[in-house]
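As C-alpha cells, the structure follows; a few thoughts come after it.
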Amino acid sequence: FISHDQVYSAFTPADAVAKLRDTLRNGFDPAGDQSRSAIPVENGEFLIMPSTTPSAFGIKLLSVAPPGYQDDLPRIQGSYLLFDGTTLSPKALIDGIAVTNLRTPAVSISCVYDFLADGSSESPAPLHVAIFGTGPQGRAHAATVESTFPHREISITFLSRTEPHDLEDRYTWVQAGSRQAREVTRAADLVLCTTTASEPILAKDDVSDSAVIVAVGSHSPQARELASDLVASSTVIVEDMGATLREGGDIIQPLNEGALRTSDLLSYADVVSGKVQVARDKPIVFKFTGMPWEDLALAEAIADKVSAQG
C-alpha cells in the first residue's frame, strides 16, 4: 500500500508532468485507451478508469460527491490498483486522491508547457497565472505550476465566489465576476478553470490574445466553463477526440452551435510530441476530462520509485 504522503515524498508534480510528456513522446496513442465509466450512485457518482500497457495494467476507482455534499469529507475519494504486466499479480494499491491530484494538473501543464517555457534569457519574464476555483484541484494546479517552473517568478491569483480563509500568503484572491477579476484574467499568461460550474465563467473578452487557457472542471456534455466565443476564436487542443466528444461540454456545445468544427481541433498527443506546430496569434484553449492511461502512467512510475527507495 502506498499512502498519500508516500506518493508525494517520492514523486513531485514536476515528475508527473515529465512522465506524461515522455509517455506521449515515446509514441503512446491515447485513442487506444479504455473508456472511463461513470455510474450514478445514491449520493454521487462512481468513476471506473481501467487502462493497460505492455508492462502494467490497472484501474482507478473513485467516488465523486456533488458540490456541497458533506463538506467535512473530500469531494473525491478512492484508490488505484496496479497490476504487474508480466506476472499479472497485484503490485500496489495507491491512494487515489494523491494520484488524481498529481495527474490532473500534470495533464494541464504537460500539454501547454511549451507555450509557457521562457528560455530566451537567464532572467525569464514573470509568469502570471489566474486560477478559477480554490478547491483541491485549483491548489494542486498552483503547486504543479510552481514545481514545473522553479526558476520563473510566478504570480498566482485565485478567483472564486467566496474568499477562502486558508489560502497561503504567497497567493492573491479576488472575487470571481468582479471588475478586478477581469483585470486579472486579461493580464494572465495562463488561466486555469478548475470549478464545478455548469455555465461559462470565461469569455473571449476576458483574456488576451496571447493567453493559454485550460478547462478542467466540467466532464459532462451539459456543463462547460468556457463561452463559445472564446472557444471559437482560439486554437483548440483536446485530450482525445473520442473522449472529448463523449464528455467535454466545453467543446461539444460550441460544435452543436456551429461555432466550431471537429476539423479545427488539435490533439494533446500531437502537440506534445511535436507533430503539429501551434501558432501564437490567438488564445490557446486546452480541454480535457481525464483518461485512464494518464493515471496508469503515473501509478506505475510512482510504484517503481517508491520500491526503489525501499
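The values are calculated or read from the model by the stated rules, or taken from the named source; none is laboratory data. These figures come from a predicted structure and were not determined experimentally. Here the Cβ is made from the backbone with ideal geometry for all residues, glycine too, and neighbour counts use every protein chain on show. Protein only, heavy atoms only, side chains kept; ligands, DNA and RNA dropped before computing areas. Shrake-Rupley method; radii C 1.70, N 1.55, O 1.52, S 1.80 Å.
About its Cα centre, how strong a charge dipole does the range 1-67 have in debye, to the nearest 20, once Lys and Arg get +1 and Asp and Glu get -1 at the Cβ?
Its charge dipole is roughly 160 debye.
Report, in deg cm²/dmol and to the nearest 500, the calculated mean residue ellipticity at 222 nm for the chain, where each DSSP H run with n ≥ 4 adds -39500 (n - 2.57) and the sum is divided by the residue count.
-10500 deg cm²/dmol
Match the structure shown to one of the listed values (1) 20.9; (2) 26.5; (3) 19.7 of Kirkwood radius over Cα pairs in Å, computed from it, and give that label.
After the calculation, the listed value that fits is (3).
Leaving out ligands and nucleic acids, and using a 1.4 Å probe, what accessible area per residue does the range 27-79 come to in Å²?
58 Å²
Choose one answer from 71, 264, 240: the residue with the largest mean-square fluctuation in a GNM of the chain with alpha-carbon springs under 10 Å.
71
For the range 259-310, run through the trypsin sites (Lys or Arg not before Pro) and keep only the ones in DSSP coil with at most 12 other Cβ atoms within 10 Å of their Cβ.
Filter output for the range 259-310: 261, 275, 280.
Tell me the label-point distance for the pair residue 262, residue 199, using the 7 Å Cα-to-Cβ offset, in nm and rounded to one decimal.
3.0 nm
How would you rank 29-37, 250-258, highest first, on the average number of other Cβ atoms within 10 Å across their residues?
Answer by packing, highest mean first, reads 250-258, 29-37.
Using the Karplus curve 6.51 cos²θ - 1.76 cosθ + 1.60 with θ = phi - 60°, work out ³J(HN,Hα) for each residue of the range 8-20 in order, rounded to whole Hz, and write x for Gly and Pro.
Per residue, the Karplus-derived 3J(HN,Hα) values read 6, 7, 9, 9, 8, x, 5, 4, 5, 4, 5, 5, 5 Hz.
Pairs to check: 60/305; 19/204; 60/287; 60/204; 91/287; 60/282. Give those whose C-alpha atoms are more than 27 Å from each other in this structure.
Violating the 27 Å Cα-Cα cut-off are 19/204; 60/204; 91/287; 60/282.
Cβ neighbours within 10 Å, averaged per peptide: list 147-159, 96-108 in order, most packed at the top.
Sorting 147-159, 96-108 by mean packing, highest first, produces 96-108, 147-159.
How many Å² of accessible area per residue for the range 171-266, probe 1.4 Å?
41 Å²
In the range 205-224, which residues have a backbone nitrogen under 15 Å from the label point lying 7 Å from residue 280's Cα in the Cα-to-Cβ direction?
208-213
For the chain, what % of the accessible area comes from carbon and sulfur atoms, probe 1.4 Å?
50 percent
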